[in-house]
Amino acid sequence: MKALRWIAILFVFGLVVGWVVTRAQTLPDDALDGLVGDPARGQITFAAAGCASCHTAPDDTSELLSGGQVFATGFGTFIAPNISPDPEHGIGNWTDLELANAIVKGVSPDGSHYYPAFPYSAYNKAKMQDVVDLIAHLRSLPVSDIASKPHQIGFPFNIRRSVGGWKLFFGGNAWVLQDTPTEQISRGRYLVEALGHCAECHTARNALGGLQRDQWMAGAPNPSGKGRIPNITPTGLLWSEDEIASYLKSGFTPDFDTAGGEMVAVIKNTSQLSDDDLAAIAAYLKAIPGVGE
């Protein structure tokens, strides 16, 4: 009987600990104090972060952030929500702090975890000024009254509380490239690892969906099941820095081919960045370790 009692106590203790460690972590209430958002700067952050690529409806060439893009994964099918300023179906009634918590902490206004299909594990390295600028830009965009569609996720992945455990292991904000000897490479790291979240596609994942940091940017299976997303480390991408920057601006490869697939949307975003920012991205890609043959 004593053994059963201790087992019961340990079980309850484990449940309590699990409940505590998986709770949502949010920003301090004063995290945005003194910061004023600039919609014009936010438009650049919006482009760098690729928001429209996911949150516009399929085949919509506008900036109407009505959601609807579908992302099939091994954990279920995720559908991007409406993040237009609509007060009922979008983010119109959210406070700036609630929006910031969603972007950098992956926490909804009701305190639940967002699934990491939303790349907050990259955005959590964003500068808070860039976040408030982005919020100001989002509030300036057209309203859509299209309701968000629910994700299609089965048990046990539909238990949102479990995402809190995922965040403990894979939601940290440490930089992958630790040494940035120049300001240009540091800026490139910020654009690639934080805002651009390029690794979300170009890095393979483990069984729990975490990025394999020792395979950083070395390519990954295409979630669609068709082909493979390429290795863009210095070993796999043999273009010069100027050629990389030119591709991100124009969509043309050095041999005059054009970007295809998901990169079409990426180029639409990166083409809005300054030449200095594109050069910084190229410098970063040449500074990371080469992986593979």
Yes or no: region 165-178 includes at least one residue that is in contact (Cβ under 8 Å) with a residue 40 or more places away in the chain, within 26 Å of residue 265 (Cβ to Cβ) and of a type in the set (Gly, Ala, Ser). yes
Filtering region 247-273 for residues that are open to solvent by 60 Å² or more (accessible area, probe 1.4 Å) and either under 21 Å from residue 187 (Cα atoms) or polar (S, T, N, Q) (or both) leaves a count of 4
Taking region 238-274 and keeping only residues that are part of a helix (DSSP H, G or I) and more than 23 Å from the chain's Cα centre (by Cα), one is left with 241, 242, 243, 246, 250
Pick from region 111-130, criterion more than 17 Å from residue 208 (Cα to Cα) and modelled with pLDDT under 95, ranking: surrounded by the fewest Cβ atoms within 10 Å (Cβ to Cβ): 111
Looking at residue 159 and the list (1) free of Cβ contacts under 8 Å to residues at least 40 places away in the same chain; (2) within 26 Å of residue 194 (Cα to Cα); (3) open to solvent by 50 Å² or more (accessible area, probe 1.4 Å), which single condition is not satisfied? (2)
Members of region 128-166 that are assigned to a loop (DSSP other than H, G, I, E, B) and touching a strand residue (DSSP E or B) at 6+ places or on another chain (Cβ under 8 Å): 148, 149, 150, 151, 153, 154, 157, 158, 160, 161
Can you find a residue in region 169-183 that is outside any loop (DSSP other than H, G, I, E, B) and either under 19 Å from the mean Cα position of the chain (by Cα) or buried (at least 17 other Cβ atoms within 10 Å of the Cβ) (or both)? yes
If we scan region 208-231, do we find a residue that is open to solvent by less than 20 Å² (accessible area, probe 1.4 Å), touching a Phe, Trp or Tyr at 6+ places or on another chain (Cβ under 8 Å), modelled with pLDDT of 95 or more and not basic (Lys, Arg)? no
Here are some conditions: (1) touching a residue at least 24 places away in the same chain (Cβ under 8 Å); (2) surrounded by fewer than 17 Cβ atoms within 10 Å (Cβ to Cβ). Residue 194 meets all but one. Which one does it not meet? (2)
Could you count how many residues in region 278-293 are farther than 17 Å from residue 253 by Cβ, open to solvent by less than 20 Å² (accessible area, probe 1.4 Å) and not in a loop (DSSP other than H, G, I, E, B)? 3
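The values are calculated or read from the model by the stated rules, or taken from the named source; none is laboratory data. Keep in mind that this is a model prediction, so the values were computed, not measured. Cβ: placed from backbone, ideal geometry, glycine included. Neighbour counts: every protein chain shown. These area figures cover heavy atoms from the full protein model, side chains too; ligands, DNA and RNA do not enter into them. Shrake-Rupley method; radii C 1.70, N 1.55, O 1.52, S 1.80 Å.
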